[in-house]
Each structure stands twice: as C-alpha cells, then as structure tokens.
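Inspection log for the structure reproduced underneath, given as structure tokens.
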Amino acid sequence: MFCSDLGERWHSARIEPTIGHLDAASAGRSSMATIKAISDHLLREAQLGSYVAATEQGGVLAGGRRALASLIGHRPEELSYRDSARTCLRALLNSWKIPVAGTVWVASNEFGPNLDEFERRELVVRTMPAADVYGHVDVDALENMLQFEQPDFIHVCHIGSASGIVQPVPQIVEVAHYAGVPVVVDMAQSVGHVPTVTGADVVYGTARKWLTGPRGVGFIAVRDDVLRPVSVDSSEPYVAGQLGLAQAVSEVLEIGQQKVFRELAAIGRTTRERLDGIGSWEVLEPVDEPSALVTLAPPPGWEPSDVATAQRRLAEQGLLVTCADSWRAPLATEQSVLRISPHLDVEREQLDQLAAALRTMGY
Ligand SMILES: *Cc1c(COP(=O)(O)O)cnc(C)c1O
C-alpha cells in the first residue's frame, strides 16, 4: 500500500523496481517518459545529425528552461546547464570576482565537497549560528551579525546531504539583502522536494535526485543584476539530458508542485514516525520537518564502519539506502548516519521491512 495518494500515479509512470528504492537523495528513479525523451533524442542525433537535432528541439528545450526557471524563481535566460551541481559551484567561484581572502558564511549542514571548493578558492569560511540542536540557521542572530560585519556572500545548502533539515532560505535572503549581501543556494537536495522560490541571487542543483531527471545534468541560475558578468555556461551541452530533465520537471508541474512538496513532507513524517527508536536507532530530524530526507543515528557505541555494514546488510535484503559518512556534513557531525530518502511511490510494507531489519541490527 502506497503511503501517498500520489504513489500509484508516480509508480505506474516508472519501471517496476527490483529493490525497495529508498534513496532519492542519491538519485531518484526516472519515469519511462523521461527515459524516452532522452533515448528518442539520441536516436534523432544519429538520424539527423546532432546539431540539426538540437535545433529541431529548440522549442522543447526553451519550454524546459522556462519550467525549471519557474520552479527555482529565476528567469529562463539566467539558467545554464553543466554536468553536476559541483561543477556549477566551481564555475561560479572561478568566474566571480571575489576579493582576495574573501569570506563566505555557511550553515552547519554545509556539504563537505562545497567546503573543498571554498578552500580551493582560498575563501575564509565561517559558520552561521544555529537556532536549535538540529542546525536551522538562527535568522535573528544572523541579522544581528550582519549589522556589524558583511561577508562577500552567504552560501546555504537548502537541504544538506546528511540531514533532512530544511534551512529557512527565504528568511536568510531577506536579512542578507537588507545588509547588501548576496546569497547562493545549493538546491541539489531541495529542488523538486520543497518550495524553491526563495529570492536568492544564485541557485544551483542537479537533475537526478528529487526531480528524478537523468544523471549528468546540473543547472545554475545567476540573477542578472547582481553578479554579471559571470560565465557559467557549459561548452558542450548534454542535449538529450536537458530534454530528459525538461520532461521530469513537466511531470512535477503537471501534478502540481505544491502537492508534490506536501506529499513528500507527509512521507517524511510517516517515515520518521515509523522508524524512530526502533532497535535504538534515533531519527535526527524533528518528526514534522517538511522533507522526505530522513536520517537515523545508530545505536550508542556504533562506529562509522558499523553503519556501513548495516547499509550493506539492508542492500542484501533488497533495501536501497545510503550510509552517509561525516564528509558530507563535516561542520555538523563526526558520526555516520543511515539516510533514508523515499520518493512518492514508497509503500508502507517497505517501511515495515526496513523497521524490522533495523530492529534485528539494533539492541
Ligand atoms: C548531491 C549533492 C551535491 C552534489 O551534486 P553533484 O551533482 O553530484 O555535483 C551538492 N550538494 C548537496 C547538498 C548534495 O546533496
């Protein structure tokens, strides 16, 4: 039985999985129509010639650009595609004229590889204060800090890679803009998952996670008036992938983005309620955090390698989840957690199976 009343629709648009796929945060399952949009274009490339085929699809590509732009609150012309979220960030940092020894403020859920990019660019990184033990940014404290000091920019992971916490991005943008500080948002885990019209200056993300588009397509949107000229365009576009992403976005918009976000939040709640405390595994988000990314801390005394072993044993039982090690959020934690990220077609029986398996692996 599907947890959501969108489950049947989402499920029937996709091939039957041979595993319990609870890992949208790594890569979601693409619909058959998305796969067909990609493969049809690959065939056209061989029939017509790749450049002719791309021109022929110009209208569809433009429609996809408009749809994605509307989802992230930018104008279509502000959007560029690259092969991953990380290359988008790197392109931004390479072309943006930030002063020597520039500063960036981040939240405690910052993605480790992003910190590596900041280090490569020799930026001084400072962590914004948190309002609670979960690591939500304390917007009032931030507003105060900004009266005395302004970083060159604020960078926030809307949702990080090792926690389902949703950062209050619109509020952060509001106080940052009041102080004249631009905000860059990593939407790799939030696009297609939670509302992403935030007013931020630069946003970037990836097709393959909650949007269930293809691998190999990242996107970045840079607000025109703030940061130009930055050049973040990819020299060699993956046109078939962009068409796949366009199809995936159209499916979310067809259902209604708010409906998708509401149902994913409800699935997160159901998952947390079902799993918390089982075998001494502990859910790390508030039960009603509005995301479907759920993390579980292992029973006391477990080493990171024990969590990796648990993940492998779940895989052997046909349940796909991630062992999220501390490199994903080095400012927040030293422990490894299990990351459960079901999409709209999750079934109650899968959560029951996961709970039963965790019970045997806990205390
Ligand atoms: C997955 C992820 C990324 C990186 O995306 P790629 O497309 O693999 O580069 C960046 N930030 C967060 C929070 C992620 O979860």
Residue 174 meets each of (1) within 11 Å of the ligand (Cβ to nearest atom); (2) at negative phi with one exception, condition (1)
Considering residues of the range 90-108 that are part of a loop (DSSP other than H, G, I, E, B) and small (Gly, Ala, Ser) only, the residue surrounded by the most Cβ atoms within 10 Å (Cβ to Cβ): 107
Would you point out the residue of the range 146-160, among those that are crowded, with 24+ Cβ neighbours inside 10 Å and in a loop (DSSP other than H, G, I, E, B), that is nearest to the ligand (Cβ to nearest atom)? 160
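Filter the strands (runs of 3 or more DSSP E) completely within the range 246-357 down to those with at least 2 residues that are surrounded by fewer than 22 Cβ atoms within 10 Å (Cβ to Cβ) and not assigned by TED's automatic domain parsing to the domain that holds residue 16.
Numbers: elements: 294-297, 322-324, 337-340.
Those strands (runs of 3 or more DSSP E) do not exist here; none qualify.
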Does residue 66 count as within 14 Å of residue 245 (Cα to Cα), basic (Lys, Arg) and in contact (Cβ under 8 Å) with a residue 24 or more places away in the chain? no
Any residue in the range 217-224 that is under 22 Å from residue 57 (Cα atoms), modelled with pLDDT of 95 or more and assigned to a loop (DSSP other than H, G, I, E, B)? yes
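Here's the yes/no breakdown for (1) crowded, with 17+ Cβ neighbours inside 10 Å; (2) within 16 Å of the ligand (Cβ to nearest atom):
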{"position": "49", "(1), (2)": "no, no"}
{"position": "52", "(1), (2)": "no, no"}
{"position": "62", "(1), (2)": "no, no"}
{"position": "75", "(1), (2)": "no, no"}
{"position": "78", "(1), (2)": "yes, no"}
{"position": "111", "(1), (2)": "yes, yes"}
{"position": "119", "(1), (2)": "no, yes"}
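Looking at the range 91-109 only, could you name the residues that are within 16 Å of the ligand (Cβ to nearest atom), farther than 21 Å from residue 239 by Cα and under 21 Å from the mean Cα position of the chain (by Cα)?
Keep residues of the range 91-109 that are within 16 Å of the ligand (Cβ to nearest atom), which gives 91-94, 104, 106-109.
Now drop any that are not farther than 21 Å from residue 239 by Cα, which leaves 92-94, 104, 106-109.
92, 93, 104, 106, 107, 108, 109, listed by residue number.
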Residues satisfying the stated conditions in the range 172-182, i.e. surrounded by fewer than 24 Cβ atoms within 10 Å (Cβ to Cβ) and touching a strand residue (DSSP E or B) at 6+ places or on another chain (Cβ under 8 Å): 173, 177, 181, 182
Return only the number of the condition from (1) assigned to a loop (DSSP other than H, G, I, E, B); (2) more than 16 Å from the ligand (Cβ to nearest atom) that residue 189 does not satisfy. (2)
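The values are calculated or read from the model by the stated rules, or taken from the named source; none is laboratory data. Note that the structure is a prediction, hence the values are computed from the model and not measured. Backbone-built Cβ (ideal geometry, glycine too); neighbour counts: all protein chains shown.
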